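Laboratory data are not the source of any read-out in this text; all were calculated from the coordinates shown. Just so we're clear, the structure is a prediction, and the values are computed from it rather than from any experiment. Neighbour counts run over all protein chains shown; Cβ positions are idealised from the backbone, glycine included.
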Amino acid sequence: MLVRDIMTRPVVAIAPDMPIDDVIVLMGQRQLRHFPIAEDGRVVGIVSDRDLRTVGSAHPKSRPGVKGSDPVRDLMSAPVWTAHPLDPIDEVASLLRAHAIGAMPVVEEEEMVGIVTSSDCLDALIRMTGVGGAATRIEVELPNRPGELAGLLTLIAEHGADVASVLTTRSELDVAGFVLRVGTIDGRGLALTLREAGYEVTWPPERTTEEA
Amino acid sequence: MTAGGSDTAAAAPARFLYHPDLTRWSLSREHPFRPDRLQALYELLTAWELMPDGAVLAPSPLRAHELERVHDPEYVRAVRRLSRGDRVDDPRRFGLGTADTPVFPGMHEAVREVCAASVTAIEAILSGSTRRAASFAGGLHHAQRDRASGFCIYDDASLAIHRALDRGWRVAYLDLDAHHGDGVQQAFYEEGRVLTVSLHESGRYLFPGTGHGYELGTGAGRGWSVNVPLEPFTEDAAWLEAFDAVVPRALAAFRPDLIVLQAGADGHRDDPLADLCLTVRGMHDAYRRVVELADRHCDGRLLILGGGGYRPYAVAARAWAQAWAALIGRDTPERVPDAWRERWTEPDGTTPPAAALDDPDRYPPQPRRALIHGHVRAVARRALARLEPIWAETAVGATPTQEGTA
Ligand SMILES: [Zn+2]
């Protein structure tokens with residue numbers, strides 16, 4: 001998945017000479033946490049709700065002497081980390097983490113085309129884990145050699161169930177772990193079929209029904 | 001909305017929706033969903049003399065196009081065609097012809113009858129002729145607007161709730177099935193006059209994968225979708241504690257005119273499809289609580305539906321006998337009649353237990369009991385922390401909250 005698939009657009013950008021007090025009002029109205037600051041369509045800075053909260057406070061990160069009536073230029077972070085629409089999201093997520101920032105403007109050919117936030121990355125991750133379609137979690141461990149996963153998926157298809165997603169949880173020399181989300185309510189019935197075919201199913205657990 | 005308490009309604013018997021047609025269908029040979037468990041339940045209640053004269057009520061037909069209130073016309077058309085053997089392009093896009101929901105002749109009529117039963121049950125309450133009714137054939141809470149899901153083709157619960165909304169009633173839908181009540185939640189996710197509360201095994205482990213604590217409802221429905229996702233192997237005590245922490249508060253905040261209970265019995269520890277570890281004793285305690293809450297909040301008005309339950313006789317029929325006994329204010333005998341146990345052996349050949357309530361000594365405690373209990377407690381606390389501020393806002397404003405538009 002790429003940045004262009006998850007970014008928010010259009011972007012609400014503000015001019016560098018807007019008074020900080022006005023930016024605070026705008027941020028409240030729009031329920032946004034980041035504003036890129038643009039001049040002639042080009043990104044020159046970014047300001048977050050956290051930056052705005054420090055104005056006039058004793059917060060260690062506040063800029064001394066900056067008042068609410070000053071232009072936002074005096075408060076903004078610059079230069080800005082930017083993303084490209086074709087960046088993979090893991091790349092963007094690692095930049096956000098490494099620099100402890102919450103959002104990056106997305107820039108293509110020097111023009112701002114969107115904004116991508118850590119929440120967008122998290123949402124994408126949730127989507128990738130297959131939330132959405134009604135499904136059951138199946139965990140398997142397979143010998144780590146070509147064709148094993150294909151064989152498993154074929155067997156599930158023959159069982160009559162759709163696979164909503166596949167995640168790799170570990171990949172070691174001789175064994176690979178997978179989490180599948182499969183479109184059936186009867187995960188145990190499917191697990192039984194897989195176990196009978198020799199697969200190592202680690203969820204749902206095998207269980208015997210004791211009797212009175 | 002409602003007419004005041006009438007003594008005739010209070011004295012009128014609870015109604016038990018029953019007709020042989022509700023028990024005779026099945027999705028396929030050896031399918032885990034066994035509608036004949038309703039017949040097993042009926043026979044057990046009769047053997048126990050818990051079926052008063054005048055209790056049994058047969059379903060009345062639905063209105064024309066009533067299914068289309070909660071389902072896409074195209075989907076209903078596809079079910080109808082497949083039901084009579086006509087071709088449909090790619091039935092799998094409707095969730096039909098799958099491992100879970102195979103196509104079978106007469107499927108439309110069979111499940112429409114289940115819907116008719118639940119709608120007839122709620123009408124008995126809406127008309128004031130009784131305050132309590134049960135439609136154990138119903139509770140098909142996974143059916144989606146445009147597709148079958150999780151053995152459920154049509155959503156009888158939502159159809160019934162719509163009848164109550166037509167009269168201006170506020171409905172609290174309480175779902176105790178092991179699986180999240182996704183179909184009903186989705187049907188009323190933006191509706192401020194329907195509260196849905198679901199206690200279920202976490203979607204992280206179990207179908208359908210939804211029912212997270214952050215699913216709260218939107219628009220006028222914000223705060224009125226309540227989800228309590230539980231750890232696998234949750235036992236009676238932790239489950240009841242989660243119930244007690246969340247359900248009474250939600251009902252007090254919402255102030256329903258009627259409670260609809262989905263009493264899915266697949267949370268039982270012997271159920272082959274899910275991983276909760278309840279016993280019939282714990283379920284019995286929950287049913288008693290629901291009846292008390294109905295008395296406290298809505299003049300006793302309560303509709304009980306069935307749901308999941310894949311030990312169909314040994315667990316589902318035995319558990320629902322407790323639900324019905326609670327509904328009519330009686331206790332069951334302590335022993336299950338031997339003749340019934342022999343007649344209703346499980347599909348795997350085992351005989352149902354002799355004890356009406358599960359003997360607690362029969363089951364050793366789960367090894368991670370304390371850890372699981374602690375997690376369940378944390379989940380319930382977090383649910384309230386999210387919801388109570390929203391409820392407080394609603395109560396103060398008196399008008400439904402509307403979220404700002406983006
Ligand atoms: Zn269920």
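Working from label points 7 Å from Cα in the Cα-to-Cβ sense, the A:MET18 to A:HIS99 distance is 2.1 nm.
Once the Cβ-Cβ distance of A:SER57 and B:LEU384 is raised to the sixth power relative to R0 = 25 Å, the FRET efficiency obtained is 0.15. Between B:ASP270, B:ASP156, B:ASP177, the residue with the greatest mean-square fluctuation in the GNM of chain B (Cα pairs under 10 Å linked by springs) is B:ASP270.
Look at the dipole of region A:3-125 built from charges on Cβ: of A:GLY41, A:MET76, A:ILE14, the Cα furthest out on the positive end belongs to A:MET76. Mean partner shielding of peptide A:180-191, defined as the number of other chain Cβ atoms within 10 Å of each residue Cβ, is 6. Here the calculated FRET efficiency for A:MET1 and B:ALA47, from their Cβ-Cβ distance with R0 = 56 Å, stands at 0.40, rounded to the nearest 0.05.
Taking the number of other C-beta atoms within 10 Å as the exposure measure, put B:LEU176, A:LEU149, A:LEU173 in order starting with the fewest.
A:LEU173, A:LEU149, B:LEU176
Charges were assigned to the Cβ only: +1 to each Lys and Arg, -1 to each Asp and Glu. The resulting dipole of chain A about its Cα centre is roughly 680 debye.
A Förster distance of 25 Å, applied to the separation of the beta-carbon atoms of A:LEU26 and A:ASP70, puts the FRET efficiency at 0.95.
Let me know the shape class of chain B, please: from the alpha-carbon gyration tensor, a ≥ b ≥ c as square roots of the eigenvalues, rounded when a/c is under 1.5, otherwise prolate if a/b is greater than b/c, or oblate. Here chain B falls in the rounded category. Placing +1 on the Cβ of every Lys and Arg and -1 on the Cβ of every Asp and Glu, with nothing else charged, gives the protein assembly as shown a dipole about its Cα centre of roughly 1100 debye. GNM remark for chain B: springs join alpha carbons under 10 Å apart, and the peak mean-square fluctuation among B:ALA253, B:ALA157, B:ALA323 falls on B:ALA253.
From the Cα gyration tensor of region B:4-108, with a ≥ b ≥ c the square roots of its eigenvalues, which class applies: rounded if a/c is under 1.5, or else prolate if a/b is larger than b/c, or else oblate? Verdict is oblate for region B:4-108. Springs between Cα atoms under 10 Å define the GNM used for chain B, and in it the highest mean-square fluctuation of B:GLY203, B:GLY139, B:GLY300 occurs at B:GLY203. Annotation: the antiparallel percentage among DSSP beta bridges lying fully within chain A is about 95.
Calculated mean residue ellipticity at 222 nm for the protein assembly as shown: -10500 deg cm²/dmol, from DSSP H runs with n ≥ 4 weighted as -39500 (n - 2.57), summed, divided by the residue count and rounded to 500.
Dipole size of region B:141-254 about its Cα centre, with +1 on Lys/Arg Cβ and -1 on Asp/Glu Cβ: approximately 520 debye, rounded to the nearest 20.
Taking every DSSP bridge with both residues inside the protein assembly as shown, close to 55 percent are antiparallel. Remark: the Cα gyration tensor places region A:49-158 in the prolate category, a/c being 1.5 or greater and a/b exceeding b/c.
Each of B:GLU43, B:GLU190 has some number of other Cβ atoms within 10 Å of its Cβ, and from fewest to most they run B:GLU190, B:GLU43.
The DSSP beta bridges internal to chain B are antiparallel in roughly 5% of cases.
Ordered by the count of other Cβ atoms within 10 Å of each Cβ, fewest first, B:THR279, B:THR218, B:THR98, B:THR196 give B:THR218, B:THR98, B:THR279, B:THR196. For the pair region B:184-218 and region B:100-115, the centres of their Cα atoms are 25 angstrom apart.
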